[in-house]
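The values are calculated or read from the model by the stated rules, or taken from the named source; none is laboratory data. Predicted, not measured: the structure shown is a model, and the values here were computed from it. FYI the Cβ positions are ideal-geometry reconstructions off the backbone, even for glycines, and counts take in every protein chain you see. Accessible surface is based on the protein model in full, side chains and every heavy atom, while ligands, DNA and RNA are left aside. Shrake-Rupley method; radii C 1.70, N 1.55, O 1.52, S 1.80 Å.
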Amino acid sequence: QVQLVESGGGLVQPGGSLRLSCAASGISVSIYTMAWYCQAPGKQRELVAAITSSGMTNYADSVKGRFTISRDNAKNTMYLQMNSLKPEDTAVYYCNANRRGLAYWGQGTQVTVSS
């Protein structure tokens, strides 16, 4: 069985930092394209960042220079380092794994940026 479990979300002040984790089981993050998506209330789910099996990364324009996606193959875990957080970053963040059209999702973790 495949399972993706996010953690690390919470309440943080504007300008603060947070690190999200996605622990995978049943698949190896080393051979999947791993990604973070976010979904704010009333909005569609959208891509935040992705990292391929070869290490190539892609970021939404809104987070470039602030967020960094990475993975630790030994821990079978993918991360999103979030710096200089803004209220607009408030959303549920979801872990995604995709390989040849086969995709898996985590349950999501809430990130709230507020004073």
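Could you rank THR90, THR109 by how accessible they are, 1.4 Å probe, largest area first?
Working: THR90 40, THR109 20 Å².
Ranked list, largest accessible area first: THR90, THR109.
How high is the FRET efficiency between SER25 and SER84 when r is their beta carbon distance and R₀ equals 25 Å, given to the nearest 0.05? Please list the in-between numbers first.
On the way: r = 32 Å, r/R0 = 1.28.
After rounding to 0.05, the efficiency reads 0.20.
Tell me the label-point distance for the pair GLN110, THR52, using the 7 Å Cα-to-Cβ offset, in nm and rounded to one decimal.
Once both label points are built, they end up 3.7 nm from each other.
Among LEU80, LEU18, LEU47, what's the order by accessible area (1.4 angstrom probe), most exposed first? Kindly include the intermediate steps, with their values, before the conclusion.
On the way: LEU80 0, LEU18 30, LEU47 65 Å².
Ranking LEU80, LEU18, LEU47 by accessible area, largest first, yields LEU47, LEU18, LEU80.
Roughly how many Å² is the accessible area per residue of the chain, as a whole number, for a 1.4 Å probe? Numbers along the way, then the final one.
On the way: 6180 Å² over 115 residues.
Accessible surface, normalised per residue, equals 54 Å².
Which of ILE51, ILE31, ILE69 ends up with the largest GNM mean-square fluctuation for the chain, with Cα atoms connected below 10 Å?
ILE31
At a 4.7 angstrom Cβ threshold, list every cysteine in the chain that has nobody to pair with, or say none.
For the chain, the answer is CYS38, because their Cβ atoms have no other cysteine Cβ under 4.7 Å.
Once the Cα atoms of the chain are picked out, what are the Rg and Dmax in Å?
Reported Rg and Dmax, both Å: 13.3, 42.
Place +1 on the Cβ of every Lys and Arg and -1 on the Cβ of every Asp and Glu in the chain, take the dipole about the Cα centre, and give the residue among TYR93, SER114, VAL29 whose Cα lies farthest towards its positive end.
It is VAL29.
Please figure out what share of the DSSP beta bridges in the chain is antiparallel and state it in percent, rounded to the nearest 5. Can you show the working numbers first?
Values: 39 of 42 bridges.
Antiparallel: roughly 95 percent of the beta bridges in the chain.
Let me check against my output: what whole-number percent is the relative contact order of the chain, with C-alpha pairs under 8 Å and at least 6 apart?
Details: 282 pairs, mean separation 42.5, N = 115.
Averaging sequence separation for qualifying contacts and normalising by length gives 37 percent for the chain.
Can you sort ASP61, ASP89, ASP72 by 1.4 Å-probe accessible area, starting with the largest?
Numbers: ASP61 120, ASP89 15, ASP72 50 Å².
Accessible-area ranking of ASP61, ASP89, ASP72, largest first: ASP61, ASP72, ASP89.
Hey, any idea what % of the chain's accessible area is carbon plus sulfur with a 1.4 Å probe? List each step's numbers first, then the result.
Details: 2860 of 6180 Å².
Carbon and sulfur together cover 46 percent of it.
Can you pull the three principal axis extents for the Cα set of the stretch 58-115, in Å, largest first?
Here the Cα extents, ordered largest to smallest, are 39, 23, 22 Å.
Can you give the FRET efficiency to the nearest 0.05 for GLN3 and SER62, using r as the Cβ-Cβ distance and R₀ = 30 Å? Don't skip to the answer; put the middle values down first.
Working: r = 29 Å, r/R0 = 0.97.
Rounded to the nearest 0.05, the efficiency is 0.55.
Counting other Cβ atoms within 10 Å, which trypsin sites (Lys or Arg not before Pro) in the stretch 65-115 have at most 12 and lie in a DSSP loop? Please list the in-between numbers first.
Values: sites: ARG66, ARG71, LYS75, ARG99, ARG100; in loops: ARG66, LYS75, ARG100.
Hits after loop and neighbour filter: LYS75, ARG100.
How big is the shadow of the Cα convex hull of the stretch 30-78, averaged over all directions, in nm²? All intermediate terms of the calculation are to be shown ahead of the outcome.
Numbers: hull surface 15.6 nm².
If I average the Cα hull's projected area over directions, I get 3.9 nm².
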